[in-house]
Amino acid sequence: MKKKQIHCPYCGAKASLRPASAVYGTATKVPDSYLYVCDRYPRCDSYVGAHKRTKEPMGTLANGDLRNKRIQAHKAFDWMWKSGLMTKWQAYKWMQGKLALTDEQAHIAKFSEYMCDRLIIECNRALENQRIAA
Ligand SMILES: [Zn+2]
């Protein structure tokens, strides 16, 4: 497995693959769950999830504010397909069209706060249109 060196975008320190329990605590133990955590954690509160199988980072490291933003963006976006308005696949295509993203870029785990805001605005707009149509 090729090991990629990842750096924290906030402080520039290296980020290391660590079990999720290193951040969430052993009480909420999630087996086989890993995070890339800034080496300065907890002084620098920055991390991102890793894919279970490949151990590749799911996106860029995020601090508390960005993590909250991404959760909000995910909620807004998940409504698009969970509501039955479109399929999950269509929802990702819709997102790519609205925000001019490639397949590679269309992952909320890779979004900046700005992109999260834009996605939330687009989802709210779609929800509003849906209400008018209904
Ligand atoms: Zn850091």
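The values are calculated or read from the model by the stated rules, or taken from the named source; none is laboratory data. Keep in mind the model is a prediction, meaning the values are calculated, not measured. Counting neighbours? That spans all protein chains shown, and the Cβs are built from the backbone with ideal geometry, glycine included. When the accessible area is computed, the model is the full protein with side chains, heavy atoms only, and any ligands, DNA or RNA have been set aside. Shrake-Rupley method; radii C 1.70, N 1.55, O 1.52, S 1.80 Å.
Remark on the chain: Rg and Dmax equal 16.6, 51 Å (Cα only).
Among Glu104, Glu113, Glu122, the largest mean-square fluctuation in a Gaussian network model of the chain, built with springs joining Cα atoms closer than 10 Å, belongs to Glu104. Maximal additional length on extending the Arg67-His107 stretch stands at 13.1 nm, based on 0.36 nm per residue less the C-alpha distance.
Considering the convex hull of the alpha carbon atoms of the stretch 64-133, report its projected area averaged over all viewing directions, in nm², one decimal.
4.3 nm²
All Cα-Cα distances of the stretch 1-72, cut into 5 Å bins from zero to the largest, leave 3, 18, 27, 27, 19, 6, 1 percent in each bin in turn.
Taking the Cα atoms only, what angle lies between the long axis of helix 88-99 and the longest principal axis of the chain, rounded to 10 degrees? Roughly 90 degrees between the two axes. Computed from Cα positions, the angle between helix 64-82 and the longest principal axis of the chain comes to roughly 40 degrees. Considering only Ala13, Ala100, Ala73, the Gaussian network model of the chain with Cα springs below 10 Å gives its largest mean-square fluctuation to Ala100.
List the pairs from Lys14/Lys93; Lys14/Lys55; Lys88/Lys110; Lys69/Lys110; Lys75/Lys110; Lys52/Lys93 whose alpha-carbon separation is above 22 Å, in the order I gave them. Check vs 22 Å cut-off fails for Lys14/Lys93; Lys52/Lys93.
In this rough spin-label picture, where each label sits 7 Å from Cα along the Cβ direction, the Arg43-Cys11 distance is 0.5 nm. With contributions of -39500 (n - 2.57) from each DSSP H run of at least four residues, the per-residue ellipticity at 222 nm computed over the chain stands at -13500 deg cm²/dmol.
Taking the Cα centre of the stretch 1-90 as origin and assigning +1 to Lys and Arg Cβ atoms and -1 to Asp and Glu Cβ atoms, the resulting dipole is close to 240 debye. Solvent-accessible area of the chain (1.4 angstrom probe, protein heavy atoms only): carbon and sulfur portion equals 53 percent. Using a probe of 1.4 angstrom and keeping all protein chains present, the accessible surface of the stretch 6-49 works out to 58 square angstrom per residue. Taking label points 7 Å from Cα along the Cα-to-Cβ direction, Glu56 and Val23 give a separation of 1.9 nm.
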